[in-house]
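Before any comments, here is the structure.
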Amino acid sequence: MKIDRRKFFGTLGTSAAISAMSHHARAEALEHYMIEQLDSEAHAEDTDAKMLDFYDPERPVPRGTGRLFAENKNLTPMPKAPTLADFFALRFAPARHVLQSAQRALATDQPERTVLACLLHDTVLNLVKPDHGWWGAQLYEPYVDERVSWGIRYHQALRFFPDPENGYEYPEFYNRIFGEDYEPDEHLKLAYKFARDHKWYMEARLITMNDEYSFNDEAKVSIEPFIDIIGRHFKQPKEGLGNDNTASSHMWRTIANPNRPL
Ligand SMILES: [Fe+2]
Ligand SMILES: [Fe+2]
């Protein structure tokens, strides 16, 4: 994917606002910008699920919030007992970046657990942007193998730390956009150190490896190849996500109805 440097910085505000941002905040903003570009109208015809009509890329949402909080929303009500696939179709679509990540994991014979982690890893960005690894892990924790949510939590930090032994190089475009002196924030260094020494390190590392290759604006994607994997590995509550009284049901309800006043 080609990145228009000027256009990207234009989304961040005045040059004073940009220089007040930490390197890490800028790097995160870039990833989110790329995901939005990938999902924008221009590529919508390549996906089964078309861009949902509640989102207008010309009217960006306040920084830090996900596109579910865009103005002019015209949200389709969720079914009574919504499934993960319903959320993909009605709230996350077209979700090209995560579908591409999962597709790459599938094509390279990675475990189904990793395919699922890739499919879910950035979906919480539709709701909230900062610390999306932690928010995403919390959203999925009650429904997946512990290693899946663990990987989602730490992928956010690991993106900034190369691991040549496992074939993960520092993303080259970060150097181009932010300069060679880029340094991640302290809490990410600590999270990285913790994850690096953990027995589940590769759960998060594999997500970043499939992540880096998943901004291809030509790739055709669909949720179809993942329906069976979701069925085998995602504990879908029969009452529906949001109605099941888990530690993250409130998050599903907010995604379902972001317009609720209270
Ligand atoms: Fe991410
Ligand atoms: Fe990602």
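The figures follow:
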item: Qualifying position, being polar (S, T, N, Q) and more than 15 Å from ligand 2 (Cβ to nearest atom), among Asn126, Asn166; result: Asn166
item: Filter result (within 13 Å of ligand 1 (Cβ to nearest atom) and in a helix (DSSP H, G or I)) within region 129-138; result: His132, Gly133, Trp134, Trp135, Gly136, Ala137
item: Residues satisfying the stated conditions in region 85-110, i.e. in a loop (DSSP other than H, G, I, E, B), surrounded by 20 or more Cβ atoms within 10 Å (Cβ to Cβ) and away from ligand 2 (no atom under 14 Å from the Cβ); result: Ala93, Pro94
item: Looking only at region 146-173, and only at residues there that are of a type in the set (Asp, Glu) and surrounded by fewer than 16 Cβ atoms within 10 Å (Cβ to Cβ), the one that is nearest to Leu30 (Cα to Cα); result: Glu172
item: So His198, is it in contact with a Phe, Trp or Tyr (Cβ under 9 Å, 6 or more places away or on another chain) and either in contact (Cβ under 8 Å) with a residue 24 or more places away in the chain or surrounded by fewer than 18 Cβ atoms within 10 Å (Cβ to Cβ) (or both); result: yes
item: Looking only at region 217-230, and only at residues there that are closer than 19 Å to Met34 by Cα and surrounded by 15 or more Cβ atoms within 10 Å (Cβ to Cβ), the one that is modelled with the lowest pLDDT; result: Asp217
item: The lone exception for Val144 - which of (1) more than 16 Å from ligand 1 (Cβ to nearest atom); (2) in contact with a Gly (Cβ under 6 Å, 6 or more places away or on another chain) it fails; result: (2)
item: Sole residue being basic (Lys, Arg), under 18 Å from Glu31 (Cβ atoms) and at pLDDT below 95, chosen from Arg260, Arg176; result: Arg176
item: Identity of the residue in region 179-207, modelled with pLDDT of 90 or more and aromatic (Phe, Trp, Tyr), that ends up farthest from the chain's Cα centre (by Cα); result: Phe194
item: Residue match in region 181-192 (condition: aliphatic (A, V, I, L, M) and either within 20 Å of Ala95 (Cβ to Cβ) or touching a Lys or Arg at 6+ places or on another chain (Cβ under 7 Å) (or both)); result: no
item: Residue check, Leu68 over 25 Å from Pro225 (Cβ atoms), more than 16 Å from ligand 2 (Cβ to nearest atom), not in a loop (DSSP other than H, G, I, E, B) and not aromatic (Phe, Trp, Tyr); result: yes
item: Residue within region 111-128 that is at pLDDT below 95, surrounded by fewer than 17 Cβ atoms within 10 Å (Cβ to Cβ) and outside any helix (DSSP H, G or I) present; result: no
item: Selection count where residues are aromatic (Phe, Trp, Tyr), away from ligand 1 (no atom under 13 Å from the Cβ) and modelled with pLDDT of 95 or more, scope region 147-166; result: 1
item: Helices (runs of 4 or more DSSP H) completely within region 1-44 that count 3 or more residues being surrounded by fewer than 16 Cβ atoms within 10 Å (Cβ to Cβ) and away from ligand 1 (no atom under 16 Å from the Cβ); result: 5-10, 15-20
item: Enumerated helices (runs of 4 or more DSSP H) restricted to region 181-262, each holding at least 3 residues that are away from ligand 2 (no atom under 16 Å from the Cβ); result: 186-196, 227-233, 249-256
item: Looking only at region 129-153, and only at residues there that are in contact with a Lys or Arg (Cβ under 9 Å, 6 or more places away or on another chain) and within 13 Å of ligand 2 (Cβ to nearest atom), the one that is nearest to Pro184 (Cα to Cα); result: Gly133
item: Index of the failed condition, Glu180 passing every other in (1) closer than 29 Å to Thr254 by Cβ; (2) out of contact with any Cys (no Cβ under 8 Å at 6 or more places or on another chain); result: (1)
item: Selected residue [away from ligand 1 (no atom under 14 Å from the Cβ) and either of a type in the set (Phe, Trp, Tyr) or under 20 Å from Leu38 (Cα atoms) (or both)] from Ala102, Ala107, Ala89; result: Ala89
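The values are calculated or read from the model by the stated rules, or taken from the named source; none is laboratory data. Bear in mind that the values here come from a model prediction, so they are computed numbers and not experimental data. Backbone-built Cβ (ideal geometry, glycine too); neighbour counts: all protein chains shown.
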